Amino acid sequence: MPEGIILKGVGGFYDVLDNEDPHIIYTCKVRGVYRKSNMLTPLPGDRVIYKVLDEDDKEGLIEEILERRNSFIRPPVANIDQLAVVMAVDSPAPDLLLVDKLIVTCLSKNIRPLLIINKTDLDDGTKVEKLTDIYKHTGFPIIYLNKFNRDRYEDLHSELAGYTTAFAGQSGVGKSTILNLIMDNWLMDTGDVSEKIKRGKHTTRHVQLFRLDKGGFILDTPGFSSYSLTDISHDELQELYPEFEDRIGLCRFKGCSHTSEPDCAVRELLTEGKLDEGRYNRYIGLYRELKENYDNRYRR
Ligand SMILES: Nc1nc2c(ncn2[C@@H]2O[C@H](COP(=O)(O)OP(=O)(O)OP(=O)(O)O)[C@@H](O)[C@H]2O)c(=O)[nH]1
Ligand SMILES: [Mg+2]
Ligand SMILES: [Zn+2]
């Protein structure tokens, strides 16, 4: 039976793009047993095995959902490889705590962060450099964009190829602007589907994956005003900071939280210029918040 990927689901119908011939989309329902057993609700991004019911009308039936790499409830999506964390140089001023939380979430779910510094046209000669200095020690790719310079978008194009990438970030940083440009230029020609895509272009009501010409998929997510970490314990937080990696285990105290203990090898990164101080301070804040939640876990 053929395999495909769910691009979107509305009212119990799922658009499944075939793996072998990604120019064809089948509108599928879910096999009855699956539905009744209530085990898994299919999500956009799910890899599925399906059966063709009607070749002419492109109708099918989802038989099985393949094992997920990861999944999210908000927005509802599965199997994300990469999260494009978008920040603006200015307007709005970057919310670095949100950026750090998104990076932490990525690493806890085995997702590669791709950092986008957008609106570089608003740089005053220091801001782009400052943002770069904050995040360069993470080792994640950083892409610089502004809507007035189309050359830069080629960097983005190659970073997206082959991955399923969700775009996230503060409201107003320019996510939709970037996505629209991608959709105008690099979407795979899916024949009769392009009409659907055009209609869906400016709506964010449904999560929808779009297939790129170089392979891979993109999807938009709504802008965040607040975002809280879930399912992450204070103990594991340190593992979600790539800068700390080669220092774990080198502190004077076993089980060092790297927040206030003496002779902390992580804190030495600050004097060595290998860790941004603001990012470290936000780590301490997040650690204390997660620890407090943990300590109060039976009180609610
Ligand atoms: N100066 C400048 N403005 C930009 C750039 N990119 C986007 N904008 C503007 O920033 C504003 C917000 O852009 P959007 O693309 O709607 O931002 P968004 O991240 O999708 O916002 P939400 O949907 O609310 O999450 C718009 O007025 C854009 O024209 C840029 O590179 N430079
Ligand atoms: Mg938007
Ligand atoms: Zn330490």
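Within the shell of other residues whose beta carbon sits under 15 angstrom from the beta carbon of Ile73, the net charge comes to +1, with Lys and Arg scored +1 and Asp and Glu -1.
Highest mobility in the GNM of the chain, judged by mean-square fluctuation with C-alpha springs under 10 Å and restricted to Ser171, Ser233, Ser71, is found for Ser233.
Loop sites here are GluC sites (Glu not before Pro) outside DSSP states H, G, I, E and B with no more than 14 other Cβ atoms within 10 Å. The longest part of the chain free of them is 68-271.
Model label points for Glu63 and Glu236, set 7 angstrom from Cα along the Cα-to-Cβ axis, are 3.5 nm apart. As a rough footprinting exposure proxy, the listed residues Ser91, Ser257 were ranked by other beta carbons within 10 Å of their own, and the order from fewest upward is Ser91, Ser257. The residues packed around Thr126, meaning those with a beta-carbon under 12 Å from its beta-carbon, carry a net charge of -3 if Lys and Arg are +1 and Asp and Glu are -1. FRET efficiency for His206 and Leu250, Cβ-Cβ distance as r, R0 = 35 Å, nearest 0.05? About 0.15, to the nearest 0.05.
Across the cross-link table entries Lys109/Lys130; Lys136/Lys214; Lys58/Lys109; Lys175/Lys291; Lys8/Lys109, which are compared at the Cα atoms, the separations over 31 Å belong to Lys58/Lys109; Lys175/Lys291. Which values of log₁₀ I(q)/I(0), to two decimal places, follow from the Debye formula for segment 3-68 at q = 0.19, 0.21, 0.22 Å⁻¹ with a uniform point scatterer at every Cα? Scattering profile of segment 3-68, log10 relative to I(0): -0.62, -0.76, -0.83. Normalised radius of gyration (Cα atoms, divided by 2.2 N^0.38 Å) for the chain: 1.12. Helix-only arithmetic for the chain: the sum of -39500 (n - 2.57) across DSSP H runs with n ≥ 4, divided by the residue total, places the mean residue ellipticity at 222 nm at -8000 deg cm²/dmol. Computed as a quarter of the hull surface, the mean projected area of the alpha carbon convex hull for segment 234-295 stands at 3.9 nm². Give me the angle, in degrees from 0 to 90, between the Cα long axis of helix 96-108 and the longest principal axis of the Cα atoms of the chain, rounded to the nearest 10. It is inclined by approximately 60 degrees.
Estimated at 0.36 nm per residue, the fully extended path between Tyr294 and Ala265 surpasses their Cα-Cα distance by 7.9 nm.
Read the figures in this text as sums done on the coordinates, not as results from a lab. Worth saying up front: this structure is predicted, and the values here are computed from it rather than measured. Don't worry about glycine lacking a Cβ; one is built from the backbone with ideal geometry, like all the others, and counts go over all protein chains shown.
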